[in-house]
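First comes the structure, then the notes that go with it.
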Amino acid sequence: MKTSDMMQETYMALSANKARSFLTILGIVIGISSVIAMIAIGEGAKGTIQNSIQSIGSNLILVMPGAQRGPGFQVSAGRGSARTLTQADADAIIKEITLAQAVAPEISGRYQVTAKGKNTNTSVVGTVPAYPAVRNIQIDQGDFISEQHLRGLSKVAVLGPTARDDLFGEGVQAVGQVIRVRGIEFKIIGITRTKGGGGFGSQDDMIFIPISTAQKFLAGDSYVTTISVQAKDSQSMAEIQQEITGLLLNRHNISDPQLADFNTLNQADIVAAASSVTQTFTILLAAVAGISLVVGGIGIMNMMLTTVTERTREIGLRKAIGAKRNEINFQFLTEAVALTFLGGLIGVILGWLISFGVTRLGILQTKVSLFSILLAFGVSAAIGIIFGYYPARRAAALNPIDALRYE
Amino acid sequence: MLEVKNVVKTYISGDGGQFQALKGVSFKIEDGEFVAIMGPSGSGKSTLMHILGALDNPTSGAYFFNDKNVADFSEDELADLRKNKIGFVFQQFNLLPRATVIRNVMLPLVYAEVEEKEREERATLALKAAGLEESRFEHRPNQLSGGQVQRVAIARALVNNPVLILADEPTGNLDTKTGKIVLETFQKLNQEQGRTIVLITHEREVAQHAGRVISIRDGELVNDAKTRV
Ligand SMILES: Nc1ncnc2c1ncn2[C@@H]1O[C@H](COP(=O)(O)OP(=O)(O)OP(=O)(O)O)[C@@H](O)[C@H]1O
Ligand SMILES: [Mg+2]
């Protein structure tokens, strides 16, 4: 039998059984596209979460006020509203924790901010010059807050790009202009660079002012909402965390660490917690995808097996008129391969389109992995070939009469 | 041309019971003979025919084709034998249900690697020789009458120009007139081209066309007579 005839026979067989071919391909398409899309979404979620964790800085320990807990009862206050950390605590950390590379206390609150008639409600963060280094922020235009600003209680502000766009419009030169917060005018001295993403509150939509100014004119007291401490390296993080806890417990006169009125958060712990969450998420998606693959596989199997009787008789007939065993094996293999490859191709394209759509709609930055393509392709090819080719191979080994009589 | 020696065929049914469809049949058919096999229903005619067509193996005994024991043939040699030497008309026709008439008839030529142009010509000729109207060539077997399907099956057996034609009740579904066309075709092939023909029939008149009648009853050869000398 010539190769061209083989191709034609395959084409004839597939087009003569349109419903069968269609359902088989559908099974493969569903299996493959769901595996690819699900894994891409899982990987994308993992990447997005890790990115946003990395974007808040590196080797960070965050100290935040906690609920004040008296012995025997608990007062639950919202985390942001608790006022247990003061500027003095921050100064003590800067002075005592020598292992720390940089310390940046901040006080943040949401305010209505206006500029030339436009206004927006955004987060105003009072902080120190070390903040950009600690929290991984870059300056796009102008400068960040300096020590002089801090000492002089200067009314200056550095805008995040989103805050700038909201107040002045995109691409407008904002440095040098003024904004008003609670009726107080601030001169804009710089714009930070876009970080993108979000997660832990977008740093693009923030306005930074000197912490001293914030405490005096906006908050009216000297509490702080977060103290970010950057360790030299990841090894020293645990030690620093311990020292800070000891120092603050001491300063707050608390002997039982269980009753601490503050929380320390280690970035490594956040990363670990988040990756275990995303891991679970990916496993969940993979399980769903696996089920689709199995369902698709059963569909393929079902289609192939229900036609075994018909195909076995066909094989008997072909042998009776002189087909060699190899010619039959090869024809049915070509058929199974053609089906799985056609389905596989459509499945890969569809899975990729779904991932692309999810990315495009801004839901998640998905990532189609080669591994998922190979896995999905491999499984469906194996199913197609095992259930399409194997029964044919067995039938081709029968003598023509036995194959023709097959029930 | 062919010889069967003491051929026994035992069928084993699902429940383990055994049934001897052929109980030691022996005969010889020479090149160019036209033989009719007769016998009551269930006597083992089709079973014998399958063995002659190298489609099934005897349980014991031997089948020689051109003095070679078919049991010694490899799979590929068997395929070549079926493809190049033998044309078989099944009692149940056995056409590909999803292929058109013309494709069904061309199929043996595909395996014989005949050029594509030639296939269609030869298939058309064979179908005409079997008496099928050209308007039916693009039909599927399920769109044909029983007699038309039978003619397609005959055409498929003739298309390879086999030296041995084995036909299992080739006129069973045909009216007298079409039956006659088919028989005349066989006769012409036999007389003008010297092809060996073995056909199974229940009808005396059909057997009249043959030069020899082999009678079978309950799996045994009961009579073997030349009708013409
Ligand atoms: N696969 C099989 N398994 C068991 N018994 C079988 C099988 N095939 C045929 N037989 C039996 O063998 C006997 C001979 O069958 P065969 O088909 O050769 O008869 P036949 O002479 O061709 O009959 P008919 O004229 O009706 O076509 C029958 O009794 C039949 O029941
Ligand atoms: Mg019969």
Binned at 20 Å from zero, the C-alpha pair distances of chain A give percents of 22, 34, 21, 17, 7, 0
In whole Hz, with x marking every Gly and Pro, tabulate ³J(HN,Hα) for the stretch A:328-337 from phi via Karplus 6.51 cos²θ - 1.76 cosθ + 1.60, θ = phi - 60°. 5, 4, 5, 4, 6, 5, 4, 5, 5, 5
Can you tell me the 0 to 90 degree angle between the C-alpha axis of helix A:308-320 and the longest principal axis of chain A, rounded to 10? 40
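With N set to the residue count of the stretch B:139-229, report its C-alpha Rg divided by 2.2 N^0.38 Å to two decimal places. Let's see the in-between values first.
Values: Rg = 14.0 Å, N = 91, 2.2 N^0.38 = 12.2 Å.
Normalised Cα radius of gyration, the stretch B:139-229: 1.14.
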Once you wrap a convex hull around the alpha carbon atoms of chain B, what is its projected area averaged over all directions, in nm²? 12.9
At a threshold of 8 angstrom on Cα-Cα distance, excluding pairs fewer than six apart, so keeping six or more, what relative contact order does the stretch B:104-216 reach in percent? 26
Net charge near A:T213 (other residues with Cβ under 11 Å of its Cβ; Lys, Arg +1; Asp, Glu -1) is +3
Take every Cα-Cα distance within the stretch A:85-251, group them into 10 Å bins from 0 onward, and report for each bin the whole-number percent of pairs it holds. 10, 39, 33, 14, 3, 0
Mind checking A:322-334 for the average number of partner chain beta-carbons within 10 Å of each residue's beta-carbon? 4
Give me the angle, in degrees from 0 to 90, between the Cα long axis of helix A:18-55 and the longest principal axis of the Cα atoms of chain A, rounded to the nearest 10. 20
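So what are the stretch B:49-155's ellipsoid semi-axes, whole angstrom, largest first, if each one is the square root of 5 times an eigenvalue of the alpha-carbon gyration tensor?
29, 16, 11
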Distance in nm between label sites at A:D143 and A:Q235, each 7 Å beyond Cα in the beta-carbon direction? 3.7
Take the Cβ-Cβ distance between B:K180 and A:R393 as r, set R0 to 41 Å, and report the resulting FRET efficiency rounded to the nearest 0.05. 0.35
Label points 7 Å out from Cα along the Cβ direction at B:K188 and A:L305: separation in nm? 5.2
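What does the helix-only formula give at 222 nm for chain A: each DSSP H stretch with n ≥ 4 adding -39500 (n - 2.57), the total divided by the residues, and the result rounded to the nearest 500 deg cm²/dmol?
Working: 12 runs with 215 residues, N = 407.
It lands at -18000 deg cm²/dmol.
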Pseudo-spin-label distance B:F19 to B:N6, built 7 Å along Cα→Cβ, given in nm, is 2.6
What is the average number of partner chain Cβ atoms found within 10 Å of a Cβ in B:171-178? 0
DSSP beta bridges in chain B: the antiparallel percent, rounded to 5, is 55
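Summarise the partner chain shielding of B:105-113 as one whole number: the mean count of Cβ atoms from other chains within 10 Å of each residue's Cβ.
Per-residue shielding by partner chains comes out at 5.
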Please arrange A:T3, A:T122, B:T201 by how many other C-beta atoms lie within 10 Å of their C-beta, fewest to most. A:T3, A:T122, B:T201
By how many degrees, between 0 and 90 and to the nearest 10, does the Cα long axis of helix B:75-84 differ from the longest principal axis of chain B? 60
So if I take the centroid of the Cα atoms in the stretch B:4-59 and the same for the stretch A:145-220, what is the distance between those two points in Å? 101
Take every DSSP beta bridge whose two residues both sit in the protein assembly as shown, then give the antiparallel share in percent to the nearest 5. 70
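Since every read-out is calculated from the coordinates, none of them should be taken as a lab result. Values in this document were obtained by computation on a predicted structure and should not be read as measured data. Virtual Cβ from ideal backbone geometry, glycine too; neighbours counted across all protein chains shown.
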